[in-house]
Amino acid sequence: MRIIVKTILLSFVLFLTSCATIISGSRQNVEIASEPTSAKVYINEIGVGNTPVQKNLKRNQEYNLALKLDRYETYETKLERKFNAWYIGNIAFGGLIGIIIDPITGAMHKLKPEEINGSPKSGTTYIRKMVNYS
């Protein structure tokens with residue numbers, strides 16, 4: 001009986017040592033959509049696909065996001081790091097290891113907004129030029 005209690009107590013302490021990392025993880029899924037669909041998605045100026053798309057991004061950095069579509073103005077926004085409330089669990093439950101681990105893994109942050117539904121405006125800012133070599 002004593003071994004079971006010690007095992008449960010040890011498990012409880014280990015699971016609460018880095019609350020944000022365990023609960024949220026160091027990465028976050030961000031859903032990106034647009035109206036009209038099939039806009040090209042650029043994160044930090046790197047093409048990552050067409051809308052709708054879901055990306056799994058690290059929580060410990062901010063991202064510049066752009067949606068580009070022929071005959072539409074570019075839609076731009078920023079994914080910002082915000083404080084993740086799960087980090088407080090380290091302080092509340094004495095998770096000294098978590099106070100160090102969560103900032104290193106980035107789990108003490110969350111990205112906002114979690115979903116992006118961009119609507120590029122009609123315009124002529126981005127038009128792919130077609131070249132005819134005949």
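The values are calculated or read from the model by the stated rules, or taken from the named source; none is laboratory data. Quantities reported herein were computed from a predicted structural model and do not represent experimental measurements. Heads up: the accessible areas ignore ligands, DNA and RNA and are worked out on the full protein's heavy atoms, side chains in. Shrake-Rupley method; radii C 1.70, N 1.55, O 1.52, S 1.80 Å.
Could you compute how much accessible surface Ile3 exposes when probed at 1.4 Å, giving the result in Å² to the nearest 10?
Approximately 130 Å² of Ile3 is accessible to the 1.4 Å probe.
Carbon-plus-sulfur fraction of the accessible area of region 28-92, 1.4 Å probe, in percent?
Carbon and sulfur atoms account for 43 percent of the accessible area of region 28-92.
Once amide H atoms are built 1.01 Å from N in the peptide plane, which residues 5 or more positions from His109, or in another chain, come under 5 Å H to H?
Asn84
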